[in-house]
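Comments concern the structure below.
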Amino acid sequence: MAEKLVIGTRGSKLALWQAGYVAACLKEQNSAVEVVLKHIITTGDKILDVPLARIGGKGLFTKELEKELLSGEIDLAVHSLKDMPTELPPGLAIGAITQRLEPGDALISPRYRTLDNLPRGARIGTSSLRRKAQLLHYRPDLIVTDLRGNLDTRLAKLMETELDAIVLAVAGLRRLNWDDRITEILPHDICLPAVGQGAMAVETRENDPVVLPCLEPLHHRETEEAVAAERAFLSELEGGCQVPIGVYGRIEAGVLVLDAAILSVDGQQRIRDRITGTPREAAKLGTALAQAMYEAGGREILAGITGLGRTGRKEA
């Protein structure tokens, strides 16, 4: 192991927790190594007054960290896997994917407690088109408003504004020991998670002979297989923050099960399907499910949202 490793991280409480977790694991392997955290501000951190879907582009929370990886300023970067585009810049690789926590979404509503208890016309805050579409599919009477910021910022806005509830990732809340804020974990039949939600990814330079071996104890193979199917699904559909797509893969009794949904932004249109198969063919399963759902009506939904087909080109 190197004498010193520099970890690039965003500056939010959750990002610092995640980077600190990786740093502690590295120190546990070799107490002599010096692990330093470098705070890096990303595009997604700078623009807080515009919905993510309107900012556009990929890698809103990763590009700046990746530039420092490629330049050698940092040795590894720690991300929430759901923030990572399915295609990485040349020369970079995911060196480890950690064991996934609960991948679902949490409703936080001190007054009403559950989604079903929310009154008609209740106001829910979320920064995710995926969550918005699925909530409106289940409860079209709700008013879903954009809510940006770090976890603590969004929790504070719930108390300071007229919002009746907000929706956040369960994993992030649990990592910060904020389980007591959760009033309901939304069932997956109502709200499927984002690709990779609940897992952390450690990105480094491709074929790095020093860093990659250090990351092996952090890597969780079963999570890798599940998210490989999810990322292949998303990649085939050219999706991102601009498209309401939910997908959840997991290994059950040695079988990979992949559920996915494609929705219109208003939630009125939804296609949902499932595929199962062997974990070693995870990417093929994700691609096959995406193709089947695209032909079963996903094409029209995606075209209505972005004007783009699966290849990213405008369709005639």
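Each value in this text was obtained by applying a stated rule to the coordinates, not by laboratory testing. Quantities reported herein were computed from a predicted structural model and do not represent experimental measurements. Every residue, glycine as well, gets a Cβ built from its backbone with ideal geometry; the counts of neighbours run over all protein chains shown.
Might you report the magnitude of the Cβ-based charge dipole of segment 154-257 about its Cα centre, with Lys and Arg at +1 and Asp and Glu at -1, to the nearest 20 debye?
So the dipole magnitude of segment 154-257 works out to roughly 220 debye.
In debye, nearest 20: dipole of segment 227-303 around its Cα centre with unit charges on the Cβ of K, R (+) and D, E (-)?
160
Give me the one-decimal Kirkwood hydrodynamic radius in Å for segment 145-261, with the sum taken over alpha-carbon pairs.
16.8
Let's see if you can work this out: charge +1 on each Lys and Arg Cβ, -1 on each Asp and Glu Cβ, no other charges. What is the dipole magnitude of the chain about its Cα centre, in debye to the nearest 20?
Here the chain has a charge dipole of around 660 debye.
Could you work out the helix-only [θ] at 222 nm for the chain, with each DSSP H run of four or more residues adding -39,500 (n - 2.57) and the total divided by the number of residues, to the nearest 500 deg cm²/dmol?
So the helix-based figure for the chain works out to -9000 deg cm²/dmol.
What nm value, rounded to one decimal, do you get for the distance between Asp141 and Met159 when each label is placed 7 Å out toward the C-beta?
Label at Asp141, label at Met159, 3.0 nm between them.
Could I have the simple spin-label model distance between Glu206 and Ala93, label points 7 Å from Cα toward Cβ, reported in nm to one decimal?
Label-label distance for Glu206 and Ala93, simple model: 0.9 nm.
For Val255 and Asp179 in the same chain, what is the full-extension length gain: residue separation times 0.36 nm, less their Cα-Cα distance, in nm?
Taking Val255 through Asp179 to full extension adds about 24.3 nm, to one decimal.
Roughly how compact is the chain, stated as its Cα Rg over 2.2 N^0.38 Å to two decimals?
Compactness ratio reported: 0.99.
If contacts are Cα pairs under 8 angstrom and at least 6 residues apart, what is the relative contact order of the chain in percent?
So the answer I get is 20 percent.
Starting from 0 in steps of 10 Å, tell me what percent of the Cα-Cα pairs of segment 105-185 lands in each bin.
Bins of 10 Å from zero give 19, 59, 21, 0 percent of pairs.
Using the reciprocal of the averaged 1/r over all distinct C-alpha pairs, how large is the Kirkwood radius of segment 227-303 in Å?
Across segment 227-303, the inverse of the average 1/r is 12.2 Å.
Mind checking which of Thr287, Thr276, Thr161 has the largest fluctuation in a GNM of the chain, springs on alpha carbons under 10 Å?
In this elastic network of the chain, the residue with the biggest mean-square fluctuation among Thr287, Thr276, Thr161 is Thr161.
Before anything else, pin down the relative contact order of segment 105-185: Cα pairs under 8 Å, at least 6 apart, normalised by residue count, whole percent.
Across segment 105-185, relative contact order equals 48 percent.
Using +1 at the Cβ of each Lys and Arg and -1 at the Cβ of each Asp and Glu in the chain, identify which of Met159, Ala201, Gly91 lies farthest towards the dipole's positive end.
Going by the Cα projections, it comes out as Met159.
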